[in-house]
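Comments concern the structure below.
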Amino acid sequence: MPFGYWEIYFFCGGIVGIVVDAITGGWNDLEPSSINISLVTAYNENYEEILYTIYTMRDEEGQLRQWKVPMLKN
């Protein structure tokens, strides 16, 4: 029986991820400890609706950082 896509995804994302986390100690310390995500609606000069995702988290120095990412509509 040939491998399907779910077997490849399971191997790459599951087993490899567990091994990497075990070697690096990543499963003992989750960083960042919290991330806030907001969905915001804005309007441009033509009154067209634009959706943004705003990610908020603290960096290594404890400073609050935000990233604004526009979302695409289908």
Residue tally, condition at pLDDT 85 or above and of a type in the set (D, E, K, R), over region 43-59: 3
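To keep it simple, each residue is scored yes or no on (1) modelled with pLDDT under 80; (2) assigned to a loop (DSSP other than H, G, I, E, B).
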site	(1), (2)
17	yes, no
41	no, no
61	no, yes
74	yes, yes
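Which residue, of 37, 23, is in a strand (DSSP E or B) and either modelled with pLDDT of 75 or more or among the β-branched types (Val, Ile, Thr) (or both)? Working first, answer last.
Details: 23 fails: in a strand (DSSP E or B).
After applying the criteria, what remains is 37.
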Positions within region 43-52 being assigned to a strand (DSSP E or B) and either touching a residue at least 40 places away in the same chain (Cβ under 8 Å) or over 13 Å from residue 73 (Cα atoms) (or both), in sequence order: 43
Residues (among the polar types (S, T, N, Q) and either in contact (Cβ under 8 Å) with a residue 12 or more places away in the chain or touching a helix residue (DSSP H, G or I) at 6+ places or on another chain (Cβ under 8 Å) (or both)) located in region 53-74: 53, 56, 66
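The values are calculated or read from the model by the stated rules, or taken from the named source; none is laboratory data. These figures come from a predicted structure and were not determined experimentally. With ideal geometry, Cβ positions are generated from the backbone for all residues, glycine too; neighbour counts draw on all protein chains shown.
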